[in-house]
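Chemist: Once you've had a glance at the structure underneath, I'll fire off some questions.
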Amino acid sequence: VYEAVQPVRLTEIESFIDRGSGSDYVIKRLKNANKILTTKVLKTMETYAETQLDKNYDIYFNWSDRTMYCSEYVWKIYKVATDLEIGKLRPLKDFDLSSKTIKRILKEKYGESIPYEEPMISPCDMYNSELLEEIK
């Protein structure tokens, strides 16, 4: 499993699953994967994924390739190789930022310059993408 943790890395699937709650997991794949994910596309996905290995995890959730956060990494792998957007990018301001904890973290990270227009992708938005289907 290619994943953005600290650092971005390739993880054995058993280790990835074992970290989950009760080792529960869901597998989703691209609808029409047999048509879209050609050998060439899969190679492009792998090549891009590998260029991101060993980068630091992005604790600020910035939309750059300098560092990566989890859903950003997977989203960009698909975008680069297929031009598909697995989940809709939304600006930071569209997320629920009302809790005291979130407000405190944003202030600690950004001071008064919170990047409300910064594009973001959430794991939930990707999970709910109409482009994916559950297979397990």
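Chemist: 222 nm [θ] for the chain, helices only, -39500 (n - 2.57) per DSSP H run of 4+, per residue, to 500?
Modeler: Calculated mean residue ellipticity at 222 nm is -10500 deg cm²/dmol.
Chemist: Expressed as a rounded percentage, what relative contact order does the chain have, with Cα pairs under 8 Å and six or more residues apart?
Modeler: Values: 167 pairs, mean separation 42.9, N = 136.
Averaging sequence separation for qualifying contacts and normalising by length gives 32 percent for the chain.
Chemist: Which shape class applies to the stretch 1-80: rounded if a/c is under 1.5, otherwise prolate when a/b exceeds b/c and oblate if not, where a ≥ b ≥ c are the square roots of the Cα gyration tensor eigenvalues?
Modeler: Details: a/c = 1.82, a/b = 1.09, b/c = 1.67.
Because a/c hits 1.5 or more and a/b fails to exceed b/c, the stretch 1-80 counts as oblate.
Chemist: Please work out the ratio of the alpha-carbon Rg of the stretch 70-136 to 2.2 N^0.38 Å and round it to two decimals. Show your work: numbers first, answer last.
Modeler: Working: Rg = 14.3 Å, N = 67, 2.2 N^0.38 = 10.9 Å.
The reported ratio for this selection is 1.31.
Chemist: So how tilted is helix 70-82 from the main axis of the chain? Cα-based, degrees 0 to 90, rounded to 10.
Modeler: In the chain, helix 70-82 runs at an angle near 50 degrees to the longest axis.
Chemist: Quick one: which residues, 5 or more positions from L132 or on another chain, have an amide H under 5 Å from its amide H? H modelled 1.01 Å from N in the peptide plane, none for Pro or chain starts.
Modeler: Distant-sequence amide H within range of L132: K31.
Chemist: Given H placed 1.01 Å from N in the peptide plane, which residues other than close sequence neighbours of K28 have an amide H under 5 Å from its amide H?
Modeler: Correct list: I135.
Chemist: Need one number for the stretch 61-100: average projected area of the convex hull over its C-alpha atoms, nm².
Modeler: Details: hull surface 14.0 nm².
The orientation-averaged projected area of the Cα hull of the stretch 61-100 comes to 3.5 nm².
Chemist: Extending each Cα 7 Å along its Cβ direction at I135 and V5, get the distance between those two points in nm, one decimal.
Modeler: 2.3 nm
Chemist: Using the Cα gyration tensor of the chain, with a ≥ b ≥ c the square roots of its eigenvalues, what is the shape: rounded (a/c below 1.5), prolate (a/b larger than b/c) or oblate (neither)? Could you put the intermediate results ahead of the total?
Modeler: Working: a/c = 1.64, a/b = 1.58, b/c = 1.04.
Note, shape of the chain comes out prolate.
Chemist: If R₀ is 30 angstrom, what is the calculated FRET efficiency for the pair N56 and K100, using the beta carbon separation as r and rounding to 0.05? Before the final figure, lay out the partial values.
Modeler: Numbers: r = 28 Å, r/R0 = 0.93.
After rounding to 0.05, the efficiency reads 0.60.
Chemist: Which whole-Hz couplings ³J(HN,Hα) result when phi for each residue of the stretch 52-59 is put into the Karplus expression 6.51 cos²θ - 1.76 cosθ + 1.60, θ = phi - 60°, listed in order with x for Gly and Pro?
Modeler: So the Karplus estimates, Gly and Pro as x, are 9, 4, 6, 6, 6, 5, 8, 6 Hz.
Chemist: Same structure, new question: Quick one: Karplus J couplings for the stretch 95-105, per residue in order, coefficients 6.51, -1.76, 1.60, θ = phi - 60°, nearest Hz, x for Gly and Pro?
Modeler: Each residue's phi maps through the Karplus curve to give 8, 6, 10, 7, 5, 4, 5, 4, 4, 5, 5 Hz.
Chemist: Right, next: Along the stretch 5-16, what does the Karplus equation 6.51 cos²θ - 1.76 cosθ + 1.60 (θ = phi - 60°) give for ³J(HN,Hα), rounded to whole Hz, x for Gly and Pro?
Modeler: Once rounded to whole Hz, the list reads 10, 9, x, 4, 7, 9, 10, 4, 4, 4, 5, 4.
Chemist: Which is the longest part of the chain that has none of the GluC sites (Glu not before Pro) sitting in a DSSP loop with at most 11 other Cβ atoms within 10 Å?
Modeler: Numbers: sites that count: E12, E112, E117, E130.
Within the chain, the longest run free of exposed GluC sites (Glu not before Pro) spans 13-111.
Chemist: Please list W63, W75 from largest to smallest accessible area, probe radius 1.4 Å, with all protein chains kept in place. Write down the numbers at each step before the final one.
Modeler: On the way: W63 60, W75 10 Å².
Reading off the accessible areas and sorting them downward yields W63, W75.
Chemist: Run through the stretch 1-84 and list the trypsin sites (Lys or Arg not before Pro) located in a DSSP loop whose Cβ has at most 15 other Cβ atoms within 10 Å. All intermediate terms of the calculation are to be shown ahead of the outcome.
Modeler: Details: sites: R9, R19, K28, R29, K31, K35, K40, K43, K55, R66, K76, K79; in loops: R19, K31, K55, R66.
Hits after loop and neighbour filter: R19, K31, R66.
Chemist: Assuming 0.36 nm per residue, please report the length gained on full extension of the stretch R66 to K40 beyond their Cα-Cα distance. Walk me through the intermediate numbers first.
Modeler: Working: separation 26, 0.36 × 26 = 9.36 nm, distance 2.55 nm.
Result for the pair: 6.8 nm of gain on full extension.
Chemist: With every protein chain present, what is the per residue accessible area of the chain (1.4 Å probe, Å²)?
Modeler: Numbers: 8840 Å² over 136 residues.
Heavy-atom accessible area per residue stands at 65 Å².
The values are calculated or read from the model by the stated rules, or taken from the named source; none is laboratory data. As the structure is a prediction and not an experimental result, all values here were calculated from the model. Ideal geometry is used to build each Cβ from the backbone, glycine not excepted, and the neighbour counts take in all protein chains shown. For the accessible areas, the whole protein counts, side chains as well, though only heavy atoms, and no ligand, DNA or RNA atoms are used. Shrake-Rupley method; radii C 1.70, N 1.55, O 1.52, S 1.80 Å.
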